[in-house]
1. Among all residue pairs at least 6 apart or on different chains, which show Cβ distances below 8 Å where the first residue, located in the range 51-69, is closer than 9 Å to Arg310 by Cα and among the small types (Gly, Ala, Ser) and the second is surrounded by fewer than 18 Cβ atoms within 10 Å (Cβ to Cβ) and modelled with pLDDT of 95 or more?
2. State all residues of the range 68-84 that are buried (at least 19 other Cβ atoms within 10 Å of the Cβ) and either in contact with a helix residue (DSSP H, G or I) (Cβ under 7 Å, 6 or more places away or on another chain) or of a type in the set (A, V, I, L, M) (or both); if no residue qualifies, say none.
3. Give all pairs with beta carbons closer than 6 Å in which a residue from the range 302-313 that is crowded, with 20+ Cβ neighbours inside 10 Å meets a residue that is among the aliphatic types (A, V, I, L, M) and assigned to a strand (DSSP E or B); count only pairs at least 6 apart in sequence or on separate chains.
4. Hey, can you tell me all the residues within the range 300-313 that are over 28 Å from Lys258 (Cα atoms) and part of a strand (DSSP E or B)?
5. Looking at Arg202, is it touching an Asp or Glu at 6+ places or on another chain (Cβ under 8 Å), part of a strand (DSSP E or B), of a type outside the set (Asp, Glu) and modelled with pLDDT under 95?
6. Based on what the data block shows, is Val171 surrounded by 15 or more Cβ atoms within 10 Å (Cβ to Cβ), in contact with a Lys or Arg (Cβ under 6 Å, 6 or more places away or on another chain), at negative phi and of a type in the set (Val, Ile, Thr)?
7. Which of the residues that make up the range 267-288 are surrounded by fewer than 20 Cβ atoms within 10 Å (Cβ to Cβ) and under 30 Å from Pro168 (Cα atoms)?
8. Looking at the structure I just gave you, is Gly91 of a type outside the set (S, T, N, Q), surrounded by fewer than 16 Cβ atoms within 10 Å (Cβ to Cβ) and modelled with pLDDT of 95 or more?
Amino acid sequence: MVMKKTRNKPSKRRIFVLGIIPAVLLIPTLVWTSQVIGAPITFNTALPVAKGEFVAREQLVVNQSGDDPSGADRDRTEVAAVTALGYGLTGQWALFGVLPYRDIDLDTISGGQRITRSNNGFGDLTLFARYTAYQQDRPGRTFRVAPFAGVEAPTGKDDARDGLGTLPTSVQVGSGSWDYFGGVVLTYQTLKYQFDSQLSYRVNNEANGFEAGDIVRLDGSYQHRLWRNAAQGVPDYLYGVIEVNLIHQDNNRLNGSKDPDSGGTQLFLTPGIQYVTKRWIFEGAVQVPVVQDLNGTALENDYIVRAGVRFNF
């Protein structure tokens, strides 16, 4: 008899713990916070990081996938606390590092019984550089174009096991491979609104007989000022945000052979909101899949929720 499926929802305790971990790491930096500017919620921006200054970002990301055409009734939930830190090396060069702490659950049916495979820990470290290749500044507005390139280093554990054996790739917190990416981002900002767009390509390499498919993506973000509060002297702003994420991934490869039940194209529509103060940005967004043209029985996304805070120092 097949046991009835119970959807695995992220617990409040898990979300609280994952939110506290990176926040504690960054508490010592808060006293040097300076003014911040808006940016997309799901990708990067071309706006500069001032020379000698840092920008920090904390995001809590809940990624839920449960639409399974395979019949195995798979349900995957990942809650990640993502810490990002940028540094203005010069007026044109900025360096960034991103490190996630990942908590993953995969529910599936095996032998007529519902089982859960779980894992958690720090994931792979991403390092990249961004260069402002073009800028045009006018009163009340600016336009920037910035190419970027980087690497994801295999710092996360990629061979974790449980009582059933080695965990599947989708439950490992690390990939085990050195992966490379690059692209270009442009930003047009005025006093009332901001538009950002990014085109990127990611090369994934093989580790442990598995190679994830390469990824190409096109992103766009529009942020519009909805409200201004100048009661404290320095104004705060409330922005409405709408973003679009078009993502295509090639088939994965297992021991050199193409996996027909992987890869495909997804289009996400992402409404969000940002509250911008002199020292902080509080933000939240929900990525809703509107198109999922995936190969074979690849697991589809239900939603991705993002909530976070950013500050400069």
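1. Partner pairs satisfying both residue conditions: Ala56/Leu85.
2. Arg76, Val79, Ala80, Ala81, Val82, Thr83, Ala84
3. Arg306/Val61; Arg306/Ala285; Arg310/Ile281; Phe311/Ala56; Asn312/Val55
4. The answer is Val305, Arg306, Ala307, Gly308, Val309, Arg310, Phe311, Asn312.
5. Answer is no for this residue.
6. The answer is yes for Val171.
7. Once the filter is applied, which keeps residues that are surrounded by fewer than 20 Cβ atoms within 10 Å (Cβ to Cβ) and under 30 Å from Pro168 (Cα atoms), the range 267-288 yields Leu267, Leu269, Val286, Val288.
8. The answer is no for Gly91.
The values are calculated or read from the model by the stated rules, or taken from the named source; none is laboratory data. Quantities reported herein were computed from a predicted structural model and do not represent experimental measurements. Positions of Cβ are generated from backbone atoms using ideal geometry, with glycine treated the same way; all protein chains shown enter the neighbour counts.
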